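These notes are about the structure you will find just below.
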Amino acid sequence: MFKQKKELVFLSLKSMEIEERIKQAETKSFKAVFPNNTNHYDTMFGGKVMSMMDEIAFITATRFSRKKMVTASSEKINFSSPIPAGSIVELIGNVVNVGKTSLTIEVEVFFEEMYSNKRVKAVTGRFGLVAIDDNKKSVSVL
């Protein structure tokens, strides 16, 4: 019985450690939307937004694991609002699932008008990243 209690304490400590690592891994970045990143509708290129989201997902995963990480997948990316030129964009990455060798990172993209308090959630998406070793073989994220 003592061994079982000891294992439960270890598991809850490990769980607390993971929760703390998740909090510390949250990543935020701000960018300005300049004309070179917009299309003929004067809104940000979707591909540019996805590239920035993948970068934030990578940084978030690396901050959590402190291991080499590679993008393995991107799930449905929802563009709910166009991002106008002249906006300030905020990207927020959070770990939403911890697997044995992989992490799922959710990235939210907001835009703010530069000269008002208007803030809109424009894009959300999830990315799967895998921890690898020097031989590009998957390893534990922990």
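The values are calculated or read from the model by the stated rules, or taken from the named source; none is laboratory data. Values in this document were obtained by computation on a predicted structure and should not be read as measured data. Note: ideal-geometry Cβ built from the backbone for every residue, glycine included; neighbour counts use all protein chains shown.
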Query raised in the report: Just to be sure, is Lys100 assigned to a strand (DSSP E or B) and out of contact with any Pro (no Cβ under 7 Å at 6 or more places or on another chain)?
Result: no
Requested in this report: Please enumerate the residues belonging to the range 74-125 that are out of contact with any Phe, Trp or Tyr (no Cβ under 7 Å at 6 or more places or on another chain) and among the small types (Gly, Ala, Ser).
Outcome: Ser80, Ser81, Ala85, Gly86, Gly93, Gly99, Ser102, Ser116, Gly125
Query raised in the report: Quick one: Ser74 ticks every box in (1) buried (at least 18 other Cβ atoms within 10 Å of the Cβ); (2) of a type outside the set (A, V, I, L, M, F, W, C); (3) within 22 Å of Leu129 (Cα to Cα) bar one, so which box is it?
Result: (1)
Query raised in the report: Would you say Lys121 is at pLDDT 95 or above and of a type in the set (Lys, Arg)?
Result: yes
Query raised in the report: Where residues in the range 21-37 are among the hydrophobic types (A, V, I, L, M, F, W, C) and outside any strand (DSSP E or B), which of them is nearest to Ser51 (Cα to Cα)?
Result: Val33
